[in-house]
Amino acid sequence: MIGSKDFNPGSIDGNMMTSKTKTEAQHSLLKEKINIPGRKTYEEVFDKRTFLELYSLMKEGVIDIIDYPISTGKEAKVFRGEQKDGTPIAVKIMRINTAVFKEYKKYIEGDHRFKDTSKSGLKLIYAWTRKEFSNLRAMHDGGIKVPEPISFSKNILIMEYLQHRDHPAPMLKDVDIDKEDMEYVSREILGYMDTLYNDLEMVHGDLSEFNVLISGGYPYLIDVSQSVFLDHPQAEELLKRDINNFVRYFKDNDVDISEDDVIEKIGIEEKIEV
Ligand SMILES: Nc1ncnc2c1ncn2[C@@H]1O[C@H](COP(=O)(O)OP(=O)(O)OP(=O)(O)O)[C@@H](O)[C@H]1O
Ligand SMILES: [Mg+2]
């Protein structure tokens, strides 16, 4: 930044500049010495394939408008949008990114719903999207508070938009709530874990204060693409991680809870080592 001490009108005012200094100034710019901060972070908003898919979803009337990005992470971008009747929606676009293929593969393999799915490239990303849609459907129908799934196509998932007043719903980690509300949130989430495990026979698999949104006075679980059924080879490991994350977060926030309380509440028969 140019401070007032450095400010020398003679050197930048065209009328007062000699032709020599003007040429020198141009020259150093032309040599591309200028460094644009953050240049490496520029990237396209939508790759061509995604753009065309959004276009067909718009033509079909599933999406009317896309307003603005809510989140642009390394696995997905989430936008606020609207349907024709003005209903707000969340549009989650999975990145077509080879770096995540390996990670996704281990969840898709071993999931009986995807036994016929090709485990590579685009097909894997599409399966990942379909998996999140179908997990949201199962959880929503099972009475767990998750965004209601609306539609999906290729790498695009459309779901209920969760909000807090005029803003996208905040993550649990970003809300400032008192002890009593924190206890209430912990009880609700424990209830969701119970329903997941006992009624739906599923595990969230990435439960944390990042994947719980607060909307309309309730905690909602989001980001369920990696959720699996209990017969999945990773299920036990994911369940342990969920329990650990849950207990760590709420203990740090003065809620009196332990791993044993969770195991007892959920009623896991064989006591798992957490
Ligand atoms: N239905 C929704 N309504 C409102 N906001 C949402 C909704 N779904 C997701 N978001 C916002 O988008 C963010 C990212 O969503 P999500 O956790 O599902 O993606 P992700 O797989 O973690 O992506 P990445 O790992 O790339 O960040 C959330 O933290 C939340 O802020
Ligand atoms: Mg997330």
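If you take the residues of the range 72-88 that are near ligand 1 (Cβ under 8 Å from one of its atoms) and surrounded by 13 or more Cβ atoms within 10 Å (Cβ to Cβ), which of them is farthest from the chain's Cα centre (by Cα)?
Result: ARG80.
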| Being in contact (Cβ under 8 Å) with a residue 60 or more places away in the chain, closer than 28 Å to PRO219 by Cα and among the basic types (Lys, Arg), is that true of even one residue in the range 121-133? | yes
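Of the residues LYS105, LYS92, LYS119, LYS115, which is more than 21 Å from LEU52 (Cα to Cα) and modelled with pLDDT of 85 or more? Walk me through it before giving the result.
On the way: LYS92 fails: more than 21 Å from LEU52 (Cα to Cα); LYS119 fails: modelled with pLDDT of 85 or more; LYS115 fails: modelled with pLDDT of 85 or more.
Exactly one of LYS105, LYS92, LYS119, LYS115 is more than 21 Å from LEU52 (Cα to Cα) and modelled with pLDDT of 85 or more, namely LYS105.
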| field | Among the candidates GLU188, GLU180, residue that is more than 16 Å from ligand 1 (Cβ to nearest atom) and in contact with a Lys or Arg (Cβ under 9 Å, 6 or more places away or on another chain) | value | GLU188
| request: Would you please name the residue that is surrounded by the most Cβ atoms within 10 Å (Cβ to Cβ), looking only at residues in the range 196-209 that are out of contact with any Leu (no Cβ under 8 Å at 6 or more places or on another chain) and closer than 20 Å to VAL255 by Cβ? | output: LEU196
| field | Within the range 211-253, considering residues that are polar (S, T, N, Q) and not in a loop (DSSP other than H, G, I, E, B), the one nearest to ligand 1 (Cβ to nearest atom) | value | SER215
| note | Taking the range 254-268 and keeping residues in a helix (DSSP H, G or I) and over 18 Å from ASN211 (Cβ atoms) leaves GLU259, ASP260, ASP261, ILE263, GLU264, LYS265, ILE266
| request: Mind listing just one residue for me: the one in the range 170-210 that is polar (S, T, N, Q) and not in a loop (DSSP other than H, G, I, E, B) and, of those, farthest from ligand 2 (Cβ to nearest atom)? | output: ASN198
| said: So ARG113 passes all but one of these: (1) surrounded by fewer than 16 Cβ atoms within 10 Å (Cβ to Cβ); (2) under 15 Å from LYS154 (Cα atoms). Which condition number does it fail? | reply: (2)
| query | Mind checking which residues of the range 60-71 are more than 16 Å from the chain's Cα centre (by Cα) and touching a residue at least 12 places away in the same chain (Cβ under 8 Å)? | reply | GLY61, VAL62, ILE63, ASP64, ILE65, ILE66, ASP67
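The values are calculated or read from the model by the stated rules, or taken from the named source; none is laboratory data. Predicted model, so just to flag it, every value in this text is computed and none were measured. For neighbour counting, all protein chains shown are included, and Cβ atoms are generated from backbone atoms with ideal geometry for every residue, glycine included.
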